[in-house]
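Below: one structure, written as structure tokens.
The values are calculated or read from the model by the stated rules, or taken from the named source; none is laboratory data. From a predicted model like this one, the values you see are computed outputs, not experimental measurements. Ideal geometry is used to build each Cβ from the backbone, glycine not excepted, and the neighbour counts take in all protein chains shown.
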């Protein structure tokens, strides 16, 4: 087994400031938070994306087992704009509108099964880290490796090219720690 010498260029999802650890609800909350954080630096209307905001809000609601009415969808846009986007997303087959059986004036909105599957796939696709560990896969020659975001000692780091198991997370951590300790010790040596 090759001991990792360096962890280079972590390649994550395209969404900046995205926390990928924890549950899917944590991931959705982090995406929503990152999107809202931009308003601290730029005018919020520069980045208006009601469709994505609605999909994120409804994904969170579905994961939490909550129902959301059309009047309370968090789209960070005026209510009329949100309603227009809800209709467009429903026409695309991404949302279902369900009339409240108790109060016919209220309409609930939820993700369709296919939209739910797509959102979960999106979240899972960003839940691992791709990186170089100072070597290449013996099977395919790739220098890119993948580790689960919430890796435990028994988790496997795999080749991103062919899927070959390379080493356990524990072996990687142990090797990386040994390399870091050696480098640190070398820096502490006093030259005459």
Top-ranked residue in segment 26-53 [being closer than 19 Å to residue 112 by Cα and touching a helix residue (DSSP H, G or I) at 6+ places or on another chain (Cβ under 6 Å); ranked as modelled with the lowest pLDDT]: 28
Single unsatisfied condition, residue 71 versus (1) surrounded by 14 or more Cβ atoms within 10 Å (Cβ to Cβ); (2) over 20 Å from residue 26 (Cβ atoms): (1)
Filter result for residue 94 (surrounded by 13 or more Cβ atoms within 10 Å (Cβ to Cβ), at pLDDT 90 or above and not assigned by TED's automatic domain parsing to the domain that holds residue 171): yes
Which listed residue is at pLDDT 90 or above and surrounded by 15 or more Cβ atoms within 10 Å (Cβ to Cβ), from 76, 115: 115
